[in-house]
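A short write-up of the structure that comes next.
Read-outs: derived from the displayed coordinates by stated rules, not from any lab. Remember, predicted model here, so these are calculated numbers, not experimental data. Methodologically, a virtual Cβ is constructed for each residue, glycine included, from the backbone with ideal geometry; neighbour enumeration extends over all protein chains shown.
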Amino acid sequence: MATKPEADRNEQGQSIITKSFLKKLCEYQELYETPRLNTHLYLHYMGFVDIRNLDDYINLRALWLESNLIREIKGVSNLKKLRCLFLQNNGISKIENLEALVDLVTLNLSHNHISIIENLKELKSLEDFDISHNKIAYSYSLKGLKDVISIKSLDLSNNIIDDSEFLLETFEALPELRCLYLKGNRCLKNIANYRKTFIAKITNLNFLDDKIVSEVERLANEAWLLHGREAEMEVRKKFYERKEEESKKYVEEYGAIERQAIEKRKELKRKLEESRDEERAKIAEERKKILDMQNNKVESLLEELALKEKALNEPIDESRLIPCSLKPGAIKYESGDFDHYGNRIEPVQKKSQITLKDIAELKISELEELLIINEFDFNKVWENISCEFNCTPDTLRIYWADYTSALEKYEDLE
């Protein structure tokens with residue numbers, strides 16, 4: 001295994017970024033030696049005192065420079081395709097030299113020494129901005145945020161903001177703001193009804209200080225801001241009454257679906273019993289013919305018929321008799337999984353997961369052909385298709401019975 005290369009040092013013994021070191025590092029990190037072919041670069045935890053020699057990495061999308069000794073933002077103007085820049089845990093005191101990064105989406109400057117938010121006007125794509133754990137002391141130092149109306153997630157937690165004069169004015173100017181973190185600032189203790197006020201006035205917030213903003217909380221807080229405490233309580237009462245009515249309506253609808261399913265299940269069970277009786281009659285006729293035969297295969301043929309008859313006498317699994325059209329949809333419990341912009345995260349189905357087809361996807365002509373080949377033995381047909389279709393021998397019987405019933409009605413009409 002290759003050993004991690006040591007950073008080159010200047011005359012003062014400080015770690016610096018050199019082209020030769022970058023080449024060795026790319027090899028160690030299994031990246032491309034040709035700078036322009038790389039889309040990401042890891043330069044964190046290496047003690048670098050500044051940013052240099054990155055001009056050739058013109059196609060970088062993400063750059064990690066956190067936990068170094070960097071005091072100044074520079075040397076990134078040529079990285080025009082950069083989307084993520086991580087500069088947390090350094091010694092940076094000023095936001096500067098980012099004008100060329102017009103595609104930047106994520107910027108992390110947390111745990112530095114920044115006191116004013118400035119020079120962000122050109123970052124038209126910035127959505128995720130973390131400037132927590134810095135030295136911002138006054139609310140007017142936040143006015144530079146008004147230049148970046150694309151921000152969705154803003155972390156200002158654990159600064160030393162003393163006053164709240166320009167807080168709301170600044171955040172209300174950010175129409176896309178979904179997540180706001182202000183905890184750990186001194187000013188919050190002096191803001192009366194802090195959470196209520198901010199939720200009511202910053203209308204698109206999904207999260208405030210790690211806590212989700214619910215629908216009822218937003219509506220109630222807006223009413224409180226306009227008309228006071230009584231209006232807030234009235235809105236909450238009406239909201240929960242509406243939810244209760246919706247719940248009752250759902251229960252009633254579900255009950256109707258269930259009753260309809262029970263009736264349909266009875267009908268399907270009747271059809272299934274008729275289909276089984278027909279097969280039993282065929283087995284009885286076949287057994288009679290076999291008993292009249294005079295050869296040594298009689299015993300094995302009778303055993304085969306007995307197995308078929310045994311399968312027909314198995315109890316009917318009524319849970320498989322509910323047609324798909326009557327099955328109520330699954331009730332999804334929303335667990336509160338969000339990304340850092342406040343958008344709900346939808347579960348991703350694994351590509352490797354094998355999903356059996358519904359029996360309705362089996363063409364009736366294909367089923368008929370399989371039944372003819374297998375002498376209308378539904379168990380044998382099921383064995384042939386069970387790896388592809390979600391069914392049982394009984395669901396095949398019902399599917400075929402429905403088809404023959406429909407065919408008979410059509411013939412009667414003719």
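Odds and ends about this structure:
- Residues being more than 25 Å from N159 (Cα to Cα) and assigned to a loop (DSSP other than H, G, I, E, B) are entirely absent from region 105-117.
- If the condition is being surrounded by 15 or more Cβ atoms within 10 Å (Cβ to Cβ), of a type in the set (G, A, S) and more than 15 Å from N112 (Cβ to Cβ), then region 63-99 contributes only G75.
- Restricting attention to region 201-223 and to residues that are out of contact with any strand residue (DSSP E or B) (no Cβ under 8 Å at 6 or more places or on another chain) and of a type in the set (D, E, K, R), the residue that is nearest to E172 (Cα to Cα) turns out to be K201.
- Some residue of region 65-80 being assigned to a strand (DSSP E or B) and within 23 Å of Y181 (Cβ to Cβ): no
- Candidates R259, R218, filtered to the one that is basic (K, R), part of a helix (DSSP H, G or I) and within 31 Å of the chain's Cα centre (by Cα): R218
- Near pairs, Cβ below 9 angstrom, 6+ apart or cross-chain, from region 354-377 (of a type in the set (F, W, Y)) to any residue that is part of a helix (DSSP H, G or I): F376/E279; F376/K282; F376/W400
- Residue in region 200-211 that is loosely packed, with under 13 Cβ neighbours inside 10 Å, within 29 Å of the chain's Cα centre (by Cα) and among the β-branched types (V, I, T) present: yes
- Every pair of residues 6+ apart whose Cβ atoms lie under 8 Å, when the first sits in region 228-247 and is more than 16 Å from N193 (Cβ to Cβ) while the second is of a type in the set (V, I, T): F239/V216; Y240/V216
- Enumeration of residues in region 115-127 that are buried (at least 19 other Cβ atoms within 10 Å of the Cβ) and either among the aliphatic types (A, V, I, L, M) or under 25 Å from L69 (Cβ atoms) (or both): I117, L120, L123, L126
- When residues of region 128-143 are limited to those that are more than 17 Å from L87 (Cβ to Cβ) and under 35 Å from the mean Cα position of the chain (by Cα), the one surrounded by the most Cβ atoms within 10 Å (Cβ to Cβ): L142
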